[in-house]
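Reviewing the structure listed below.
The values are calculated or read from the model by the stated rules, or taken from the named source; none is laboratory data. The model shown is predicted, which means the values in this text are computed figures rather than measured ones. Here the Cβ positions follow ideal geometry from the backbone for every residue, glycine too, while neighbour counts run over all protein chains shown.
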Amino acid sequence: MSLSKIKHIVLVLSGKGGVGKSSVTTQLALSLSLVGHSVGVLDVDLTGPSIPRMFGIEDAKVKQAPGGWLPITVHEGDASAGIGSLRVMSLGFLLPRRGDAVVWRGPKKTAMVRQFLSDVFWDELDYLLIDTPPGTSDEHISLAETLLLNTTEQQRAGAVVVTTPQAVATADVRKELNFCTQTGIRVLGVVENMSGFVCPNCSECTNVFSSGGGEVMANDFNVRFLGRVPIDPQFLVLIETGRRSRYPQGTTVNGQDISTPADAPTEDQESRDPALLVHKYKECSLAPIFGSITADVVAAVQAAA
Ligand code: ADP
């Protein structure tokens, strides 16, 4: 099976759609790569696979090899820069119109999830992140069963559960945590996304929604709270246009100054700059936040191994 050379498999789950599960998967992948891990991302979110868009590789063509698919390389590892390789496989690559939701019946969906797990040639990876559909559907059960049968306990690192301040108030995220308990999936921690706002004009991070609910809920369930991630419109700019994030002087996030230096390339210079997404991401306000979330995830994985 193609999973045999993978050290740790991490599921990314959310109770409902639109809370930022794919964004969290993407940023966990970039942050793990930035600290030297080789990373794979498997997108099995049949409700609308958005991982290709996140990595700017929507037009990539997946190659078939005897017995399976070759994942798309976002970037190769660079030992001198301390960066690990990043590869992606998404159901989106196989759909005629990218971004379409799949309208298959249950059995076909579960078969596809199984095939996706077994038929991608990942080679050696430190981490495989699996972006799952929202909620707790048949695909999740199939995913959990397939992993149970085909991986060792050491490989099955656990799940990162994503929520938002508003979603905490609903039953969805609690259902997700209960699902993990029932299926024996270890919860590595909870991320509260869209918690506060990095204002592009006034260099302040304000709470647009009440925050803190994720932490209370994590405590109730006795699972680790990994942190709050604000809404940063500059993250969207990076994802949608590939342009670097820019912040006015004096912008601080979690006490760290992230203002754009005066000598940074202008937008015009930048359009000719082919810097990799992983390097540009380092300048996004969310990168230090994910750096610390990632360190906690790695610690949780290692503690469980
Ligand atoms: P999900 O996978 O849960 O459906 P997505 O990750 O696709 O959600 O996020 C929904 C939209 O919100 C996307 O356009 C994404 O780029 C944006 N988004 C998510 N989190 C943030 C954030 N912290 N800051 C800015 N935009 C975000």
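Answer yes or no: is there a residue in the stretch 99-110 that is buried (at least 21 other Cβ atoms within 10 Å of the Cβ) and either among the small types (Gly, Ala, Ser) or assigned to a loop (DSSP other than H, G, I, E, B) (or both). Give the derivation first.
Of all residues in the stretch 99-110, those buried (at least 21 other Cβ atoms within 10 Å of the Cβ) come to none.
For the stretch 99-110, residues buried (at least 21 other Cβ atoms within 10 Å of the Cβ) and either among the small types (Gly, Ala, Ser) or assigned to a loop (DSSP other than H, G, I, E, B) (or both): absent.
Evaluate the following for Ser22: is it assigned to a helix (DSSP H, G or I) and free of Cβ contacts under 8 Å to residues at least 24 places away in the same chain? Spell out how you get there, then give the answer.
Details: assigned to a helix (DSSP H, G or I): yes; free of Cβ contacts under 8 Å to residues at least 24 places away in the same chain: no.
No, not satisfied.
Among the residues of the stretch 72-85, are any within 21 Å of Phe290 (Cβ to Cβ), among the charged types (D, E, K, R) and over 16 Å from the mean Cα position of the chain (by Cα)?
Taking the stretch 72-85 first, the residues within 21 Å of Phe290 (Cβ to Cβ) are 74-75, 77-78, 81-85.
Going one step further and asking which of them are among the charged types (D, E, K, R), we end up with 78.
Narrowing further to those that are over 16 Å from the mean Cα position of the chain (by Cα): 78.
Yes, there is a match, as at least one residue in the stretch 72-85 is within 21 Å of Phe290 (Cβ to Cβ), among the charged types (D, E, K, R) and over 16 Å from the mean Cα position of the chain (by Cα).
Just for the stretch 136-149: of the residues that are under 17 Å from Arg105 (Cβ atoms) and small (Gly, Ala, Ser), which one is surrounded by the fewest Cβ atoms within 10 Å (Cβ to Cβ)?
Result: Ser137.
Could you grab me the full set of residues in the stretch 264-296 that are away from the ligand (no atom under 16 Å from the Cβ), aliphatic (A, V, I, L, M) and within 18 Å of the chain's Cα centre (by Cα)?
Kept after step one, since they are away from the ligand (no atom under 16 Å from the Cβ), are these residues of the stretch 264-296: 264-276, 278-279, 282, 295-296.
Add one more test, that the residue is aliphatic (A, V, I, L, M), and what stays is 264, 275-276, 278, 295.
Selection gives Leu276, Val278, Ala295.
For the stretch 284-305, indicate whether the set of residues that are at pLDDT 90 or above, at negative phi and either touching a His at 6+ places or on another chain (Cβ under 6 Å) or of a type in the set (Lys, Arg) (or both) is non-empty.
Within the stretch 284-305, one or more residues are at pLDDT 90 or above, at negative phi and either touching a His at 6+ places or on another chain (Cβ under 6 Å) or of a type in the set (Lys, Arg) (or both).
Among residues belonging to the stretch 25-52 that are more than 10 Å from the ligand (Cβ to nearest atom) and assigned to a helix (DSSP H, G or I), point out the one that is farthest from Gly227 (Cα to Cα).
Narrowing the stretch 25-52 to residues more than 10 Å from the ligand (Cβ to nearest atom): 28-42, 44, 46, 52.
Now narrow it down to the ones that are assigned to a helix (DSSP H, G or I): 28-34, 52.
On the way: Leu28: 13, Ala29: 16, Leu30: 17, Ser31: 15, Leu32: 16, Ser33: 20, Leu34: 19, Pro52: 25 Å.
The selected residue is Pro52.
Can you pull out every residue in the stretch 125-177 that is of a type in the set (Val, Ile, Thr), farther than 20 Å from Ala303 by Cα and within 16 Å of the chain's Cα centre (by Cα)?
The first filter runs over the stretch 125-177 and keeps only residues of a type in the set (Val, Ile, Thr), leaving 130, 132, 136, 141, 146, 151-152, 160-164, 168, 170, 173.
Then keep just the ones that are farther than 20 Å from Ala303 by Cα; that gives 130, 132, 136, 141, 146, 162-164, 168, 170, 173.
Selection gives Ile130, Thr132, Val162, Thr163, Thr164.
Mind listing whichever residues of the stretch 137-152 are touching a residue at least 60 places away in the same chain (Cβ under 8 Å) and in a loop (DSSP other than H, G, I, E, B)? Give the derivation first.
Residues of the stretch 137-152 that are touching a residue at least 60 places away in the same chain (Cβ under 8 Å), as a first pass: 139-140, 143, 147, 150-151.
Of everything in the stretch 137-152, just one residue is touching a residue at least 60 places away in the same chain (Cβ under 8 Å) and in a loop (DSSP other than H, G, I, E, B), namely Thr151.
I need the full set of residues from the stretch 220-240 which are of a type in the set (Val, Ile, Thr) and within 12 Å of the ligand (Cβ to nearest atom), in order please.
Result: Val229, Ile231, Val237, Ile239.
Report yes if some residue within the stretch 72-81 is surrounded by fewer than 22 Cβ atoms within 10 Å (Cβ to Cβ), without any contact (Cβ under 8 Å) to a residue 60 or more places away in the chain and at positive phi; otherwise report no. Give the derivation first.
From the stretch 72-81, those surrounded by fewer than 22 Cβ atoms within 10 Å (Cβ to Cβ) are 72-73, 75-81; that's our starting set.
Those still in the list that are without any contact (Cβ under 8 Å) to a residue 60 or more places away in the chain too: 72-73, 76-81.
If we keep only those that are at positive phi as well, we get none.
No, the stretch 72-81 has no match at all.
Only residues in the stretch 102-121 that are within 13 Å of Ile141 (Cα to Cα) count as the first member; pair them with residues that are at pLDDT 85 or above and outside any helix (DSSP H, G or I), Cβ under 6 angstrom, at least 6 apart or cross-chain, and list the lot.
Listed by first residue and then by second, the contacts come to Val113/Val44.
Please determine, by comparing only the residues of the stretch 184-223 that are of a type in the set (S, T, N, Q) and not in a strand (DSSP E or B), which one is modelled with the highest pLDDT. Working first, answer last.
Step one: filter the stretch 184-223 for residues of a type in the set (S, T, N, Q), giving 193, 195, 201, 203, 206-207, 210-211, 219, 222.
Restricting the remaining residues to those that are not in a strand (DSSP E or B) gives 201, 203, 207, 210-211, 219, 222.
On the way: Asn201: 61, Ser203: 54, Asn207: 58, Ser210: 58, Ser211: 61, Asn219: 91, Asn222: 94.
Ranking the candidates gives Asn222 first.
Could you tell me which residue of the stretch 1-24 is nearest to Glu176 (Cα to Cα), considering only residues that are within 8 Å of the ligand (Cβ to nearest atom) and touching an Asp or Glu at 6+ places or on another chain (Cβ under 8 Å)? Spell out how you get there, then give the answer.
Filtering the stretch 1-24 for residues within 8 Å of the ligand (Cβ to nearest atom) gives 14, 16-24.
Those left that are additionally touching an Asp or Glu at 6+ places or on another chain (Cβ under 8 Å): 14, 16, 21-22.
Values: Ser14: 7, Lys16: 9, Lys21: 13, Ser22: 16 Å.
Of everything passing the filter in the stretch 1-24, Ser14 is nearest to Glu176 (Cα to Cα).
What tally of residues in the stretch 123-135 results from selecting those that are surrounded by 21 or more Cβ atoms within 10 Å (Cβ to Cβ) and either over 21 Å from Gly18 (Cβ atoms) or charged (D, E, K, R) (or both)?
Qualifying residue count for the region: 4.
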